[in-house]
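Working notes for the structure below.
Just so it is clear, none of the values below were taken in a lab; they were calculated from the coordinates. These figures come from a predicted structure and were not determined experimentally. Cβ sites come from the backbone with ideal geometry, for glycine too, and all protein chains shown count toward neighbours.
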């Protein structure tokens, strides 16, 4: 833990940690010492790299770290974005309840854009087939008492692009 | 569909999060699963090649990592592929899906949003500049849907292997 307490004194204006972030967005090299390989590419020590990653995890910049699965390759091909038009007073509570549903993989409140877009809550449901996704949705609607809430189901018909976020300004490292 | 062996499944079940933060993470994973470091690395490389994994590494919180926005555009079906390609060429695009389900009574045709994408940037100013450039290139107005609140905690995605194998 002594390593952690020293991270607050890390330089914040440097470029090497930005380079590290850009590299991390593309994933770890699959070698015995992945952190050392990254360290060499951004001019840090392996310990510094680990300390940065530990800090980013602790601060919540990194939400999780591990295998990022492409569900389509596993046969999870039906992917529905369900959008709901909830009263503003209820949206946070319903959002939390939907997020706790095992079938719901993502759940966000978003700004409406009336008149063209009245929906303010978005959730994703994935499954092997449309019927199963729709059955899961019907089950959620029943149990959560959402029968009277206007909602639409948008199934994906084609993925033109699916990759992790690229937030850093740096171009291809 | 890729044929996964028992080790592949155990890796996916155990390590969508919590990759060990140590010098030799794949050795630590192997130790937990009772296999060698080499086996873990080999399977991960294979899974990545087979496009079962997009990568092994961190998932950044979009709300903290920079600026990002879900946007949609309504285009005639005949133009959909060409518009999607133009969106993909634009910097910062990380998801771009065609979706159906909106076309029905009540919403006018021009509001039948059929392309949905997420644009990212290092900050809000760069994001808006990218959106405006894309809007101009496409000649269609973008529906901008900024996130107000995230309700889920991203823990990865439990895979139900039995359901995948069901006929």
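Side notes on the structure shown:
- For chain A, the longest principal axis of the C-alpha atoms and the axis of helix A:46-59 are separated by about 30°.
- Extension gain from residue B:82 to residue B:36, taking 0.36 nm per residue of separation minus the Cα-Cα distance: 11.9 nm
- Value at 222 nm in deg cm²/dmol, rounded to 500, when DSSP H runs of n ≥ 4 in the protein assembly as shown each add -39,500 (n - 2.57): -11000 deg cm²/dmol
- Over all Cα atoms in region B:15-104, the spread is summed up by Rg and Dmax: 19.3, 55 Å.
- GNM result for chain A, Cα springs below 10 Å: residue of A:50, A:24, A:61 fluctuating most strongly: A:61
- Using a Förster distance of 25 Å, the FRET efficiency for residue B:137-residue B:63 (Cβ separation, nearest 0.05): 0.35
- Highest-fluctuation residue, A:91, A:83, A:116 considered, GNM on chain A with Cα pairs under 10 Å: A:116
- Translational diffusion of the protein assembly as shown, µm² s⁻¹ [Kirkwood Rh, Cα pairs; Stokes-Einstein; 4 °C; 1.567 mPa s]: 60
- Region B:62-145: C-alpha gyration tensor shape, a/c 1.5 cut-off, then a/b vs b/c: prolate
- Here each label is just a point 7 Å from Cα along the line to Cβ, and for residue A:40 and residue B:46 those points are 2.6 nm apart.
- Choice from A:140, A:76, A:62 showing the highest fluctuation, given a GNM over chain A with Cα pairs closer than 10 Å: A:62
- Cα-based shape type of region A:55-161, given that a ≥ b ≥ c are square roots of the gyration tensor eigenvalues and the cut on a/c is 1.5: oblate
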